[in-house]
Amino acid sequence: MQTVSSVAALREVIRQWRCEGRRIAFVPTMGNLHAGHYSLIETAKANADRVVASIYVNPTQFALGEDYGNYPRTLEADQRGLREQGCHLLFAPEDADVYPPEQHGPRASVDLGHLGTSLCGAFRPGHFAGVAQVCARLFHFVEPDVAVFGEKDYQQLLVIRALVQAFAFPLQIIGAPTGRSEEGLALSSRNQYLSDVERERALGVIQALRRAVAEIQQGLPIPEIEERGYHQLAELGFKPDYFAVRRALDLALVGPEDKDLRVLVAARLGKARLIDNLSAIRGKDVIAS
């Protein structure tokens, strides 16, 4: 696996692959990689001839007081892991490579509507605008045929799909299933903030989600399901931001005819902010992802 930091070096490798007729997949990350990230690499390998991963802790998606400065940076370990997983190229830029200081003035943006301001967007103002900004630049740098994002960040996945549609990027976005521990905890770089006791308690997230999916199947009212899920987590010592049931297509409020739903949660436990979600099909058996 080759590692490059400059956009020029990245494009030189990509240009050679294009000359060889290679199909290229892209997996953008912020590093501190774990099995969940590596499952995205596997999905990328299954859909392309060459896989590019990026590691860049993007400052524009962190709000004031969030963990940007303390976000774990483990480049050497990540390089080893990506090499073992069969990644072909790692793009590890510096801030000046992604946001050149000479580029002053306004930056292109996309109106994300309620996708950018609801749920996590309401509790992390500007977060999804920052995600869209950096992904637009990375897509421009790499010019992949396909990009892979995990469904654990389901709202982010929908934001990326909206971005691709808005700017007509010629690439396919693939949502990969959430990586989980054997007990069901969604894999996350922020799980390392949890103590052993908190990690055990964190299983309450998947338990609350599974209960909500079952209640949806039973036809219980959505507001009651949301309220029970919220209080279930609060009683376990979480500080929930939200526990919500939304239309899976666009995270709009659920209408009477909507069948394809998503149960989503964000909750703080100790120093960690945990997010997770499960799919639910009203009126049919549900397969949890």
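Things to note:
- The range 220-267 - residue that is touching a Gly at 6+ places or on another chain (Cβ under 8 Å) and over 19 Å from GLU198 (Cβ atoms) and, of those, surrounded by the most Cβ atoms within 10 Å (Cβ to Cβ): VAL263
- The set of residues in the range 123-143 being hydrophobic (A, V, I, L, M, F, W, C) and either crowded, with 22+ Cβ neighbours inside 10 Å or touching a residue at least 40 places away in the same chain (Cβ under 8 Å) (or both) consists of PHE123, PHE128, ALA129, VAL131, ALA132, VAL134, CYS135, LEU138, PHE139, PHE141, VAL142.
- Here TYR56 fulfils each of the conditions (1) within 30 Å of PHE243 (Cα to Cα); (2) of a type in the set (Phe, Trp, Tyr); (3) at pLDDT below 95 apart from (3).
- Selection of the range 191-209 for residues being surrounded by fewer than 18 Cβ atoms within 10 Å (Cβ to Cβ), at pLDDT 95 or above and within 27 Å of GLU42 (Cα to Cα) yields only LEU203.
- The residue of the range 144-190 that is surrounded by the most Cβ atoms within 10 Å (Cβ to Cβ), among those that are under 10 Å from the mean Cα position of the chain (by Cα) and without any contact (Cβ under 8 Å) to a residue 40 or more places away in the chain, is ILE160.
- In the range 28-53, the residues that are touching a helix residue (DSSP H, G or I) at 6+ places or on another chain (Cβ under 6 Å) and either of a type in the set (Phe, Trp, Tyr) or not in a loop (DSSP other than H, G, I, E, B) (or both): PRO28, THR29, ARG50, VAL51, VAL52, ALA53
- Scope the range 98-150; condition part of a loop (DSSP other than H, G, I, E, B) and either in contact with a Gly (Cβ under 7 Å, 6 or more places away or on another chain) or among the hydrophobic types (A, V, I, L, M, F, W, C) (or both); matching residues: ALA108, VAL110, LEU112, LEU119
The values are calculated or read from the model by the stated rules, or taken from the named source; none is laboratory data. This one's a predicted model, so the numbers in the text were calculated from it and none came from an experiment. Positions of Cβ are backbone-derived with ideal geometry, glycine not excepted, and every protein chain shown enters the neighbour counts.
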